[in-house]
Amino acid sequence: MEAADTTEAPPAAPAGLSPRTLLSSRSALVPGLVAVALFVLWAADNGGYDATTWYWGALVLLATLAVSVTVLGARRRRLSRAATVALCAFGGYVIWSYLSMAWAGTPGWALEGSNRTLLYFLIFTLFLILPWSEAGGLVALVVFALGVGVIAVVLLLRLASSAHIGQLAIDGRLAAPTGYFNASVALFMTCAVLSTVLATRRELPGPLRGLLLAIACACLQLCLMGQSRGWLFTLPIVLVLCILVVPDRLRVVAAAVLPIAGTLVIVHRLIHAFPGQATTASLDQAAARAGHASILITAGVFVFGTLIAWADTLVRVPSVSRTARLRLGAAVTVLVLLIAGAGAVAATHGDPFGFIKRQWHGFSHQATGGSGGSHFTVVGSGRYDFWRVSLTALAAHPVGGLGQDNFSDYYVRRRRTGEEPRWTHSLEMRLLAHTGLVGFGLFVAFIAGAVAAALPALRRASGLTRAVAGAALLPLIVWLVHGSVDWFWEIPALSGPALGFLGMACAFGMAQARDAPAERSAASVEPAPPKARRRRIPAFVTYAAGALAFVAALVVLTFPYLSARELAAATTLRQTNPNAALSKLNTAANLNPWTPDPTRLAGTIALNTDQFTIAQQRFRQTIDREPGGWFGWLGAGLAASALNETSRAAHDFTLAASINSMQPAIQRALDAVYTQHPLTAAQVFAILAATG
């Protein structure tokens, strides 16, 4: 009798990525890639944080969604019950966000925050309704990973060439490309885990798999350069959840060894790539050393990764029993944990437990300072106080919160730190403080419904479909876990991929949930009893409601966008042509009658050009739009004092001091108004300069 064959040929690459298959997936792939292109553009442009950036992206997505719904028509994927709950809960949160303008202290900020929320709703809805195929989903994920990977490689090349290093880092930490350390680290972490998982797919060509591993390595290196303590603390949770979500965990863990090892080889150079308080020459030298080493390591990972991928495709793999796979998986997991532990020890300068103790004490007691040569060893954070005030806001306004994006003025009155944050630095605290228990409940229902809708793809699907659905959830994991201790909601380059690819995972889950009953029915001997016919909503009602929603979204996005453009143009002109800037700010204020930003800037420009009457008018408008803002009262007082209205100036300064007692410029203004009347132009400029 012949011996049983103990080897098996590796699965052939499916034909799912053939041009014909991709062409058949164009109804989902084309609009999906439009959104992915926006994600990458936002990542490269300050994280998409600026209103002039994400507003036009929201309009593009609104048009893309409208066209997709129209073209797909009856071919749109029917929503499962869980997906319906998710979509309705998210839509309810958007509506509640707009309603919060009614009780918000600054309705203009609530409008801007609600429009940002609408943007994310558009992204999720677009990815949810598209008829994704496994090939189309894989291509969309790969394109996103490659786009962020290009940004990472360009940054490494800039480091190696010492090109404008000062623009990349702030306080010895990499801030590019989003302009905020923690957001940049989260972006690269998302790309690293996604690229690693995608690199294990045999459906992709070997060089592309090697390139994905190289991108993962480059992104991990940039994560260390960003020196985010929030990333370091949440990293174990993120990694565990990512491994649990994706299939073929052993292959994923094994693939992660190469980029992790490549990063740890030069960990010391990465952490000290931007030495604090260094001269320009020494900064360029340190950055160039880190950049050269990173490029060499990344290139090496690409070569080895490509060879491994090629061998994975061609070499016959021995058949391994389940017990052996478990043992091998445990061994690889232990190896990865040891490598990660070595990295943690290196990042904390050989004292991980002391690092944790110092960080907790600094977090809870507002300590500052630290030792060592990196931000990882610095202690102290304002988050404890931010979250304390957030819970105070919830207790005072439990149902509706403060109103969307209205945390900053509330915090300034109650703070115990010298900081003036606009955001709560936590997704959960943001939901509670801004939109109360109602908003928090709606968003939790959305996340729960979306995850439930995606679960069938992780449980019932097999092969590429399950892998793509699992990979699509990875950005959400990073966004939720790391975003629990930071302000990532306001950065579209992070929130967009997290919620968009979540919608894709839901789409795959709905396909599995729809196919499963059909399979059970075919296998059943007795036919299922007929279902009672549901009364369908007339088509004209659906079309009318859709058209009305489209027009409403178009209006609430367009006018604030035009206002933001005028504001940006005025900011550019304020030094060279202040009168033209004032004209544009007047237009901006008329286009968006709720936001205080144009009138505040107009008042400042008028003060600097001795147009005190105009300054007083603009600051009074600012107070009407933001009565809880200290700067509007200070500016109005400065203008009144310059016009010799002493009592009015003293009244305004006193109100400004009651809002922000820690601002030294306000006390200077109070002292000056009682000693000399009116304030001179030099005094006005000095006080304005003191405010920053």
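For the range 132-223, the set of trypsin sites (Lys or Arg not before Pro) satisfying both a DSSP loop assignment and a count of at most 15 other C-beta atoms within 10 Å is empty. On the principal axes of its alpha carbon atoms, the range 546-692 extends 62, 33, 23 Å, with the longest extent given first. For Thr70 and Arg422, the difference between the fully extended length at 0.36 nm per residue and the C-alpha to C-alpha distance is 122.8 nm.
With a Förster radius of 56 Å, plug the Cβ-Cβ distance of Ala163 and Tyr543 into 1/(1 + (r/R0)^6) and report the FRET value to the nearest 0.05.
E between Ala163 and Tyr543, to the nearest 0.05, is 0.55.
The alpha carbon centroids of the range 187-228 and the range 28-83 are separated by 24 Å. Rounded to the nearest 20, the Cβ-based charge dipole of the range 578-691 about its Cα centre (Lys and Arg +1, Asp and Glu -1) stands at 140 debye. Going from the fewest other Cβ atoms within 10 Å to the most, the residues Ile271, Ile266, Ile237 appear in the order Ile237, Ile266, Ile271. Dipole orientation for the range 578-691: of the candidates Leu638, Ala615, Asn592, Asn592 has the Cα lying most toward the positive pole (charges on Cβ; Lys, Arg +1; Asp, Glu -1). Annotation note: trypsin sites (Lys or Arg not before Pro) in the range 43-129 located in DSSP loop regions with a Cβ neighbour count of at most 16 within 10 Å are Arg76, Arg78.
Each Cα pair under 8 Å and six or more residues apart adds its sequence gap; the mean of these over the residue count of the range 146-347 is a relative contact order of 30 percent.
In terms of surrounding Cβ atoms within a 10 Å radius of their Cβ, Glu134, Glu203 rank from fewest to most as Glu203, Glu134.
Dipole orientation for the range 388-483: of the candidates Ala445, His434, Leu391, Ala445 has the Cα lying most toward the positive pole (charges on Cβ; Lys, Arg +1; Asp, Glu -1). Fewest neighbouring Cβ atoms within 10 Å first, the residues Leu494, Leu601 line up as Leu601, Leu494. Segment Tyr674..Thr587, full-extension length gain: 27.7 nm, with 0.36 nm per residue of separation and the alpha-carbon distance subtracted.
Largest first, the three principal axis extents of the alpha carbons in the range 146-347 are 59, 32, 24 Å in whole numbers. Charge dipole (Cα centre; +1 on Lys/Arg Cβ, -1 on Asp/Glu Cβ; no other charges) of the range 146-347 amounts to roughly 540 debye.
Throughout, read-outs are computed from the coordinates displayed, never taken from laboratory work. Treat the numbers as computed from the prediction; the structure is a model and nothing was measured. Here the Cβ is made from the backbone with ideal geometry for all residues, glycine too, and neighbour counts use every protein chain on show.
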